[in-house]
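See structure below.
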Amino acid sequence: MSTIFIDRDGVINENRPDYVKNWDEFRFLAGSREAIAALTKAGHRIVVCTNQAGVAQGLISTGAMEDIHRRMLAALEEVGGVVEQVYACTHGKTAGCDCRKPRPGMLLRASRELDLDMSDAVFIGDSITDMQAGLAAGIRTMLVLTGLGIEHYRQYYQHTNRPFHVALNLKHAVEIILQGMHTFSVSDQRALIAAISQ
């Protein structure tokens, strides 16, 4: 049983440049609920780690954010997906906190509080800061090409000190994990990279 960390915006739900401020603005990406359900069914422990600077900017209240997360978890449970906990950094982008990705604070806190096995953990995200946070926590990382993924891969892929996997979306990432990440070959990666470059 592995621990799977998942970013929220751009991975589970559609990303918005003005932040998701209420449940009416929350839109699950196609296949994301089912992907989380598949991880649950396979026995993986799932934790969401998300930067939510909109709180610090006054664009969304902490209560509204927590309401979104309650509704998100309930909607996931409807299809058999279980997320143990949602960790959110609500600090501003220049706050210098330990929890805001690319720092690994949220992942390490979750590991302590939930007694998670980090030996084969994976962090799935759509930004280079997700990759940096996962690598800083000492775990494997996978960039999905939804949300900010394509843009960040093109611009920032060299900004990590170790390689990361690439997947089309959360559904594809979960398929790779369930098949055993070692089966995701270099040729698979090259095919994805070629598709990005077109």
So what's the Cα pair-distance distribution over the chain, bin width 10 Å, in %?
9, 38, 40, 13, 1
Among the lysines, which fall within straight-line cross-link reach of LYS171, defined as a Cα-Cα distance under 21 Å, with same-chain neighbours fewer than 8 residues apart omitted?
LYS41
Size of the dipole of segment 3-197 about the Cα centre, Lys and Arg at +1 and Asp and Glu at -1 on the beta carbon, nothing else charged, in debye to 20?
400 debye
For a quick size check, give me the Cα extents of segment 15-88 along its three principal axes, largest first, whole Å.
39, 21, 17
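Could you please report the charge total around GLY149, scoring K, R as +1 and D, E as -1 over all other residues with beta-carbon less than 12 angstrom from its beta-carbon?
Values: positive: ARG154; negative: ASP7, ASP9, ASP126, ASP130, GLU151.
Residues close to GLY149 contribute a combined charge of -4.
Please sort by residue number the GluC sites (Glu not before Pro) in segment 107-186 whose DSSP state is loop and whose Cβ has at most 15 other Cβ atoms within 10 Å.
Working: sites: GLU113, GLU151, GLU175; in loops: none.
Of the GluC sites (Glu not before Pro), not one in the loops of segment 107-186 has a Cβ with at most 15 other Cβ atoms within 10 Å.
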Out of LEU116, ALA38, ALA53 - ranked by how far each Cα lies towards the positive end of the dipole of the chain, with unit charges on the beta-carbon of charged residues - the top one is ALA53
Lysines near LYS101 by alpha-carbon distance under 17 Å, same-chain residues fewer than 8 away left out - which ones?
LYS93
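May I ask what percent, to the nearest 5, of DSSP beta bridges between residues of segment 3-197 are antiparallel? All intermediate terms of the calculation are to be shown ahead of the outcome.
On the way: 1 of 21 bridges.
The answer is about 5 percent antiparallel.
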5 angstrom amide H check on ALA167, placed H, neighbours 5+ away:
LEU143, VAL144, LEU145
Go ahead and estimate [θ] at 222 nm for the chain from helices alone: -39,500 (n - 2.57) per DSSP H run with n ≥ 4, summed, over the residue count, rounded to 500.
-11500 deg cm²/dmol
Counting only trypsin sites (Lys or Arg not before Pro) that are in a DSSP loop and have at most 13 other C-beta atoms within 10 Å, tell me the longest site-free stretch of the chain.
94-198
Roughly speaking, what is the centre-to-centre gap between segment 19-36 and segment 78-132 when only Cα atoms are used, to the nearest Å?
18 Å
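Taken together, the values in this text are just the output of simple stated rules run on the coordinates, not laboratory data. None of the values given here were measured: they were computed from a predicted structure. All Cβ positions, even for glycine, are placed from backbone atoms using ideal geometry, and neighbour counts span all protein chains on display.
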